[in-house]
Every structure is written in C-alpha cells, then in structure tokens.
Amino acid sequence: MEFAGKVALVTGAGAGNGETIAERLHAGGASVVLLSRRLGTVQAVCERIDPQGTRTMPLEADVREPEAMERAVAETVERFGKLDMAVNNAGVTGPAGVSVANIEVETWQEVIETDLSGIFYSMKYEIPAMLENGAGAIVNLSSANGLVGLAGMAAYTAAKHGIIGLTRSAALELAESHVRVCAVAPGYVATPRILESGQDVTEWMASQHPMKRLASREEVAELVAYLLSERAAFMTGSVHSIDGGYTAQ
C-alpha cells in the first residue's frame, strides 16, 4: 500500500494501459480519478475496482480542451483534497501507412491536439495543484516511436517525440520544487484494441521486438507505479523504454 493517502489522476483511463494503471494505483492504496472522453467507460472501471466508490471518481473530459482539464483538476482537489500524482496517458494513433504528403490536415491536428497538446493542457493544471500540495509526480506516456522514426505515422511519431521534450523541460523547471516529471516509452502492448486487430497484426507487432512478444499492460503499469513512488525519488526528466529491445536495434 505504498500509495496510501495519495491522490492520482489518470487520463485515458477507460481502457488499455490507462485502465490497468488506474487499477494498479488503486490497488497500491491511492484514491484515483479516472478520466475519459466517454464517461461510461470509466464508470465501469470504477465499479469493478471500487464498488463502494470510496477511493475512485469517474470524470468525463476531453484532454483537447484546456477548460475541461482545468475543471478536472479542480474537481479532483474538491473531492479528495489534493493532487499527488498524475498519469497523462490519453492519446490516439491516427491512421497508419500514410505519408507526410498525404496526411489530411484534420488528421494531423487531431493527433497532435490529443497526444501532445492534451498532455500540455493536463500538466498546465496538474502542476499548480501539486505545487500547492508541496510535492508531486507526473508520468507522461510517450512511445518507443517517440525515440525513433516510424514511416507512415508522422503525426503520432511527432507527438510522441514532443511529449519527451515537454517532459524534460517541465522536469528542469520543477527540479527544486519536489515535483518530478518522467516519461514512459512502451513498445507494442497487448491492449484489447491491439488484440482485436487480428493475429496477423499482433504477430507482426511482436516480431518487431527482439524479445518477440508484446508487452503486457501490467508490465507498463508496474513501471509507471515505480516512477510515481518514493523509490524513484531521484528520478526526473528521464525517459524509460519498455519495448522488448525495440529501440536498442
């Protein structure tokens, strides 16, 4: 129960990595606010992991809207009294196999606004709450493709690279304030959405990792939990790959 008495906010918590991260933090003793564009998804997760609703709260908010994120942080503090931890996970991939010259402008804007601006908007309001609290820890979800190029997914790759720059800049700004900021860069993870893409796709994804398998959601959640914990108290501005060797190639 290393997170007993702590309050966490997790974006994109209705499915995939975000759901498992929220579950892991709750299991560690934290009170967790689960945020999604679709309220029903996070309500279902809350009911599953915390039937009494004592240490969870579902919130509907779109990370692309700064006012929504300002309100989400305010509601978190109103309900639980503070904000200690944040996991900025919400994101979209956009279409694959589309060259830069052929990306629709609207597609570019949606991916950048969700994946990069959404994390900026989240941090913009999370950081003051943590400073008010005197300490905090933030983990931003980038990607292995935030460290290397990926043909045919330029918007996603650019956004995930941008998250790393944003993480490092914020970490330096906050280095003396007891608020830490780190990033996690997963490879392909066995989320329900990926598993639903079919055996041919998942086998190809697994083959891209030298370890020849997908990451589990639990493995990603454990890394995030470690970075949020006091065990990582001297870690800030760092980027942590969990990609089966993908970026070592």
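Every read-out reported here was derived from the displayed coordinates using simple, explicitly stated rules and does not represent laboratory data. Here the structure is a predicted model, which is why all the values come from computation and not from measurement. Reconstructed Cβ throughout: ideal geometry from the backbone, glycine too, with neighbour counts over all protein chains shown.
Data table
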| quantity | calculated |
| --- | --- |
| Within region 150-171, tally of residues that are of a type in the set (A, V, I, L, M) and farther than 20 Å from Gly118 by Cα | 2 |
| Extreme residue, surrounded by the most Cβ atoms within 10 Å (Cβ to Cβ), among residues of region 39-65 that are within 18 Å of the chain's Cα centre (by Cα) and of a type in the set (S, T, N, Q) | Thr56 |
| So Gly91, is it of a type outside the set (Val, Ile, Thr) and more than 21 Å from the chain's Cα centre (by Cα) | no |
| Filter result (touching a His at 6+ places or on another chain (Cβ under 9 Å) and assigned to a helix (DSSP H, G or I)) within region 145-159 | Asn145, Gly146 |
| Subset of region 23-38 (residues that are hydrophobic (A, V, I, L, M, F, W, C) and either crowded, with 18+ Cβ neighbours inside 10 Å or within 23 Å of Ala68 (Cα to Cα) (or both)) | Leu25, Ala30, Val32, Val33, Leu34, Leu35 |
| Hits in region 133-161 (condition: in contact with an Asp or Glu (Cβ under 8 Å, 6 or more places away or on another chain), of a type in the set (Gly, Ala, Ser) and surrounded by fewer than 19 Cβ atoms within 10 Å (Cβ to Cβ)) | Ala135 |
| Any hit, region 160-182, residues being assigned to a loop (DSSP other than H, G, I, E, B) and without any contact (Cβ under 8 Å) to a residue 24 or more places away in the chain | yes |
| Scope region 1-21; condition farther than 15 Å from Asp50 by Cα and either free of Cβ contacts under 8 Å to residues at least 24 places away in the same chain or among the acidic types (Asp, Glu) (or both); matching residues | Glu2 |
| Among residues of region 204-249, those that are surrounded by 12 or more Cβ atoms within 10 Å (Cβ to Cβ) and in a helix (DSSP H, G or I), counted | 19 |
